[in-house]
1. Please give the per residue accessible area of the chain, computed with a probe of 1.4 Å over protein heavy atoms only, in Å².
2. Rounded to the nearest percent, how much of the accessible area of the chain (1.4 Å probe, protein heavy atoms only) is carbon and sulfur?
3. Calculate how steeply helix 55-67 sits against the longest principal axis of the alpha-carbon atoms of the chain, using the helix alpha-carbon long axis, and give the answer as 0 to 90 degrees to the nearest 10.
4. In the full protein assembly as shown, how much of Thr1 is accessible to a 1.4 Å probe, in Å² to the nearest 10?
5. Rounded to the nearest 10 Å², what accessible area does Lys11 have for a 1.4 Å probe in the complete protein model?
6. For the chain, what does the helix formula give at 222 nm: sum of -39500 (n - 2.57) over DSSP H segments with n ≥ 4, over the residue count, nearest 500 deg cm²/dmol?
7. Cα-based count: Lys pairs in the chain below 28 Å, eight or more positions apart or different chains?
8. Rg and Dmax of the chain, Cα atoms, in Å?
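The values are calculated or read from the model by the stated rules, or taken from the named source; none is laboratory data. All values derive from a computational prediction rather than experimental measurement. Here Cβ is always computed from backbone atoms with ideal geometry, including for glycine, and neighbour counts include all displayed protein chains. Accessible surface areas use protein heavy atoms only, side chains included; no ligands, DNA or RNA. Shrake-Rupley method; radii C 1.70, N 1.55, O 1.52, S 1.80 Å.
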Amino acid sequence: TVNDNEENILKLRNIIKKYPVIDKTELLPFRKICSSKYENMKIEFPFGSLPEADAVTIEKLYKILETAP
């Protein structure tokens, strides 16, 4: 939800195109797996209000990345 939009993926695609040695790009969706560590330390998890990316969104972003001119 921070940078998972078409505009940012197209910017990423433009960067990738500049470097022909890049043969694979992976999108790493945000996960809250570390939130339990914050709870154990009694520290507020700063990204707790952000939703995790769902598979549909990630798939859509990959399609944009692959089909961009």
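1. Numbers: 5770 Å² over 69 residues.
With all protein chains present, the chain gives 84 Å² per residue.
2. Details: 3250 of 5770 Å².
Heavy-atom surface of the chain belonging to carbon and sulfur, 1.4 Å probe: 56 percent.
3. Its long axis makes an angle of about 20 degrees.
4. 100 Å²
5. 110 Å²
6. Numbers: 3 runs with 31 residues, N = 69.
Value at 222 nm, helices only, nearest 500: -13500 deg cm²/dmol.
7. Within the chain, the lysine pair count is 14.
8. Here Rg and the maximum Cα pair distance are 15.4, 47 Å.
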